[in-house]
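Chemist: The following block contains the structure, expressed as structure tokens.
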Amino acid sequence: MNALTVVTRQQPDRTVITVSGEMDLQTCPALAEATSIIPLAGKALCLDLSAVPFMDSSGLNLLIQLRRRLHAEGGLLAVAGLQTQPAHLLELTEASELFTVIPTGADGSGEALTA
């Protein structure tokens, strides 16, 4: 079984979730549960995926669901630190246009995230 670690940091104007491990069918339910309890109304959510080497369609679906939730609540979803395979998946499916993408090495605390 693939291990997934999720660390959440609340900041006054945003939440940063650092994800480590593969985002796939086995691990996405844990990430979905972690994000479901975070109040996001009007805030930005940054997913730091710099430690995610692999994402399948389950991970992509989760990102799209999060974006819908944030959009409905007046927030913004950004993804930071995409490795090669997850970045390729977002480009291949043209989903990268749906998210604010922060370059590798960013931790989500930059000024680029304003709801």
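The values are calculated or read from the model by the stated rules, or taken from the named source; none is laboratory data. Because the structure is a prediction, the values reported are computed rather than measured. Here Cβ is always computed from backbone atoms with ideal geometry, including for glycine, and neighbour counts include all displayed protein chains. In case anyone asks, the SASA skips ligands and DNA or RNA and just uses the protein heavy atoms, side chains included. Shrake-Rupley method; radii C 1.70, N 1.55, O 1.52, S 1.80 Å.
Chemist: Show me the strands (runs of 3 or more DSSP E) entirely contained within the range 1-110 in which 3 or more residues are open to solvent by 30 Å² or more (accessible area, probe 1.4 Å).
Modeler: Passing ranges, in order: 4-10.
Chemist: Pairs, please: C-beta under 7 Å, at least 6 apart or cross-chain, first residue in contact (Cβ under 8 Å) with a residue 60 or more places away in the chain and in the range 79-94, second open to solvent by less than 70 Å² (accessible area, probe 1.4 Å)?
Modeler: 86/49; 86/52; 86/55
Chemist: Considering the range 59-71 alone, what residues qualify as being among the hydrophobic types (A, V, I, L, M, F, W, C) and at pLDDT below 90?
Modeler: Passing the criteria: only 70.
Chemist: Every residue in the range 52-64 that is farther than 11 Å from residue 86 by Cβ and of a type in the set (A, V, I, L, M), please.
Modeler: Scanning the range 52-64 gives 62, 64.
Chemist: Only residues that are under 19 Å from residue 100 (Cβ atoms) and β-branched (Val, Ile, Thr): list them for the range 1-43, please.
Modeler: The answer is 8, 15, 16, 17, 18, 19, 35, 38.
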